[in-house]
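Accompanying notes for the structure given below.
Readers should treat all values here as calculations from the given coordinates under stated rules, not as data from a laboratory. All values reported here derive from a predicted model rather than from experimental measurement. Using ideal geometry, Cβ is built from the backbone for each residue, glycine included, and neighbour counts are taken over all protein chains shown.
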Amino acid sequence: AGAAGVGEQVKYEIIGIDPGAGLMKQTAQALKDYGLTDWKLVEGSGAAMTAALDKAYKDKKPIIVTGWTPHWMFAKYELKYLQDPKGTYGKDEEIHTVTRNGLNQDAPSAYALLDRFEWTPDEMAVVMSAVTEGKKPEEAAAQWVKDNAAKVDAWVKDLAKEEGKKLKLAYVAWDSEIASTNVVKQVLEQRLGYKVDLLQVEAGPMWAGIADGSADAVVAAWLPTTHKDYADKYKGKFEDLGANLKGTKLGLVVPTYMEITSIEDLKT
Ligand code: PBE
């Protein structure tokens, strides 16, 4: 059996995530670009997507999900990205740190730490895996900070403590961002004395919060493509501190036991 029938096997459904995610917009665009008019993108959440994947995988059933790297699912399951010959999912994507305007004046040490915060997909994977295995995100992040003291030392070098000062970090409950946001919170609290609140929101409110100043910073901005609409909408109302992680990827993901290799194979 080849590609034929894959649509019927999965009921012409692609398992998506939260509707505000850039990945959802890109996938809606992919359905257009590849002429997949019969297909439906199912809205849900990151957690619902991985639950559906887990269930299908255990039964060796076909499934197509929207996926991204870094993500623990690539370590837990044997998966592959479907090729994207039309380039709908962009390339050279990075995760950026973005702050509200004026944070530099109001919380200079936090701002400097946020500017220096940068890590690798492998480092993020350590935190993500611990969370998947049942650790609380806060504990997993605290453990990582403890185990990577030298790296953290460099991030906070020569920065003054700002004991008791409050800071709000907004994020979306994507597994990658749960990891990064919790690590930054731990560093701000343990090393710089801040009192950090985490605001878990959808992608739209996350960007709106930075633009209107109700949130101080996010380490969850995927640029230049995935969150382009948000970045364009709030241009001038936030500060982009650059990449905190490089080596990302987005697209349609399937278990390797499925024979299809390209998004084009869905059009049969
Ligand atoms: N993601 C994970 C997000 C950014 C981080 C790829 C699901 C998005 O699509 O907006």
Relative contact order (%) - region 94-246, alpha-carbon pairs under 8 angstrom, separation at least six:
43
If exposed means trypsin sites (Lys or Arg not before Pro) lying in a DSSP loop and surrounded by at most 15 other beta carbons within 10 Å, then the longest stretch of the chain lacking such sites spans residues 162-234
Calculated [θ] (222 nm, deg cm²/dmol) that DSSP helices of n ≥ 4 give over the chain, each run adding -39,500 (n - 2.57)
-12000 deg cm²/dmol
Compute the longest continuous run of the chain that contains no exposed GluC sites (Glu not before Pro); treat a site as exposed when its DSSP state is not H, G, I, E or B and it has at most 11 other Cβ atoms within 10 Å.
164-268
If each part is reduced to its alpha-carbon centroid, region 146-221 and region 228-268 end up apart, in Å, by 23
Estimated inter-spin distance, Ala154 and Gln190, nm [label 7 Å along Cα→Cβ]:
1.7
Once amide hydrogens are built 1.01 Å from N within the peptide plane, the residues lying 5 or more places from Trp222 or on another chain with amide H under 5 Å from its amide H are His96, His227
Simple label model, 7 Å out from Cα along Cβ direction - Lys146 to Ala173, nm
2.6
Measure out, as a whole number of angstrom, how far apart the alpha-carbon centroids of region 122-138 and region 17-85 sit.
21
Once the Cα gyration tensor of region 94-246 is diagonalised, what are the square roots of 5 times its eigenvalues, in whole Å and ordered largest first, as equivalent ellipsoid semi-axes?
22, 19, 14
Evaluate the charge dipole of the chain about its Cα centre and quote only its size in Debye, nearest 20, assuming +1 on the Cβ of each Lys and Arg and -1 on the Cβ of each Asp and Glu.
140
